[in-house]
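The values are calculated or read from the model by the stated rules, or taken from the named source; none is laboratory data. Keep in mind it's a predicted model, so treat the numbers as computed, not measured. FYI the Cβ positions are ideal-geometry reconstructions off the backbone, even for glycines, and counts take in every protein chain you see.
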Amino acid sequence: MVSLLDRAKAAVHTFRHGLSSSQTWGKKDLPFAWPDFKKERPEWHLVDYNAYIREGYSLNSLVYSAVMYKVRATVTAPLRGYSGTEDDPQLLPRDDPYQARLVQPNPYQSWVEFHSRNVVFLNISGNVYIYIDPDSGEMYSFRPDRVYIVPDSDSHAGLKGFIYVPEGKSHLDLENVLPILPEDMLHIKLPNPLDELEGLGYGMSPLQPAAQVVDVDNLVTKFLNIFFNKGAMVTGILKFDVPLKDNVVDKILDRWKEKYGGIFNWQVGVLDRGGTYERVALTFEEMGFDDVDTRSETRILGPFGIAPILIGARAGLASSTYSNYEAARQAVWEDTLIPEQTLFETEYKNRLDESDKFVMMDYSRVPALQRALSRQINAAYTLVQMRVPPNQALRGVGLRIGNVPGGDEPIELSGPGAQQGPRTDPERESWGMREDVPGQREVEPE
C-alpha cells in the first residue's frame with residue numbers, strides 16, 4: 001500500500017516536472033489557457049476567511065442562525081450507499097465496507113460531524129475541499145483558507161493541483177506545504193461569475209453580497225450595547241434663561257443626576273429659576289430601528305436562501321402563522337437545501353460510484369418533505385388511473401420505492417374510491433390532482 005508520504009512525494013514530483021503521457025487520466029485538453037504570470041503560482045484567496053468568521057459567523061446572530069439551520073436540517077439527509085439502480089435502489093447494509101466508509105468518513109469523524117463542517121465551510125467561504133485517500137478511501141475536509149489552487153503550467157490549461165498550508169506557514173513557501181493532486185481532492189464550490197480560471201478556481205461566498213448589510217447590523221447592535229452600557233448619547237439638555245457660572249452648572253448637574261440619574265430614579269423632573277428641559281436625542285422609534293432590523297434580516301438571509309420565519313427573525317414572525325412556517329420549511333428544502341446538497345452529491349458520485357454500487361442523499365426521513373411525498377403519491381395514483389404502468393408512474397413523479405410486481409403493464413383499479421383516488425394528506429386537500437364533486441359524500445378507499 002502506498003503511504004501518504006509516498007503520495008506526497010509523487011505530488012511534489014508532478015508539481016515540479018508536470019505529468020507524463022501516462023498520467024493524463026485520459027482527459028482532453030481544455031479550450032483555454034492562463035497568462036504566464038498565473039502558471040504554477042498559487043491563486044490568492046478572494047475573501048478574508050478569518051474576517052468572515054469573526055465578523056459574520058461568530059459576531060452576527062443572523063448569519064450564525066442561517067448557517068446552523070442548514071447544518072441541522074441537512075444532517076437528516078445523509079449520504080448512503082446503494083446497489084441496483086437509481087430507479088430501484090437497494091440500501092447497502094451498515095457493515096458493508098462501501099457503506100461503512102460513508103457512515104464513518106475517517107477514524108475521527110462520523111458523517112454528521114463531517115458533513116456539518118463542510119456545510120459551514122460552503123456557506124462561509126463558498127468552497128469545500130475534501131481529500132480522499134486513494135488507498136484507504138478515508139475522507140478529510142480541510143479549512144478553506146489553508147488550501148490554495150495552483151493553475152497548470154501545461155498548454156492544456158488545467159489544474160496542477162492544490163496545496164495545503166499548515167498553520168503558521170506561507171503558501172509561497174513551497175518547501176513547507178503539502179501538494180495534492182487534482183484526482184485526490186473534491187472541490188465543491190458555489191458559482192463565481194468572475195472566476196479567472198473559468199470554473200476551476202474559487203467559489204463565491206454567500207457572505208460577499210451580504211457583507212455590507214452584516215456590517216450595518218453589527219454597528220446597530222454595537223450602538224445599542226454602548227448606549228445601555230455607557231449612556232454615551234446626549235438624550236437632553238437643561239436650559240436656563242440666565243447666564244450660569246461653571247460651579248453653578250456643576251452643582252445643577254450633580255443635583256439632577258443625584259435625584260433623577262439611573263434607571264431606578266427615572267421620574268418626573270422639576271426645575272426652578274426659569275429652567276427647561278429639551279430633548280435633543282431621537283427615540284428608538286424615531287430612529288427607525290424596526291425598519292432597519294427588518295431590512296437587515298431580509299437582506300442578510302436572502303443570499304443564504306433561508307426564510308426569516310425559520311430562524312425566528314422579526315421580519316418573519318411579524319405576519320406568520322403555523323401554516324406559513326410549515327410552507328417555509330418545505331420551500332427551503334425544495335429551493336435551497338436540496339440544490340445545495342446536490343452539489344455535494346454530484347461530486348461524491350463522480351469519485352465514489354463503483355460499477356455495482358453508487359451513492360445518493362437519503363431524504364426519506366426529512367419531515368419537511370413528507371407533505372411533498374403525499375403529493376407524489378396522489379400524482380402517481382392519478383397516472384395509474386390513466387392506465388400508465390405503475391412502475392413508470394412511480395418514476396415519473398420521482399418516487400424511488402422500487403418496482404411493483406407486475407407493474408410494467410397498465411392495471412385496472414376497481415373498488416370504492418377508485419375514481420377519486422387516495423387522500424394521503426391530513427388536511428384532506430386534493431393537491432390539484434382532482435376536483436371534489438359538490439354535495440357528494442366522499443368514500444375513503446378500503
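Observations on the structure shown:
- Here the stretch 305-335 is the region considered, the condition is being surrounded by 19 or more Cβ atoms within 10 Å (Cβ to Cβ) and at pLDDT 90 or above, and the residue that is farthest from Ala73 (Cα to Cα) is Ile306.
- The listed residues are Leu200, Leu238, and the only one of them that is modelled with pLDDT of 75 or more and touching a strand residue (DSSP E or B) at 6+ places or on another chain (Cβ under 7 Å) turns out to be Leu200.
- Checked against the criterion of being touching a residue at least 40 places away in the same chain (Cβ under 8 Å) and out of contact with any helix residue (DSSP H, G or I) (no Cβ under 8 Å at 6 or more places or on another chain), the candidates Ser364, Ser374 yield just one match: Ser374.
- Residue within the stretch 289-301 that is at pLDDT 85 or above, among the acidic types (Asp, Glu) and buried (at least 16 other Cβ atoms within 10 Å of the Cβ) present: no
- Going through (1) outside the structural domain of Arg72 (by TED's automatic domain parsing); (2) out of contact with any Asp or Glu (no Cβ under 8 Å at 6 or more places or on another chain) one by one, Asp215 falls short only on (2).
- Residue in the stretch 105-115 that is in contact with a strand residue (DSSP E or B) (Cβ under 8 Å, 6 or more places away or on another chain), assigned by TED's automatic domain parsing to the domain that holds Asp184, not in a helix (DSSP H, G or I) and not charged (D, E, K, R) present: yes
- When the stretch 360-381 is filtered for residues that are over 16 Å from Thr74 (Cα atoms) and under 24 Å from the mean Cα position of the chain (by Cα), the ones remaining, listed by number, are Arg371, Ala372, Leu373.
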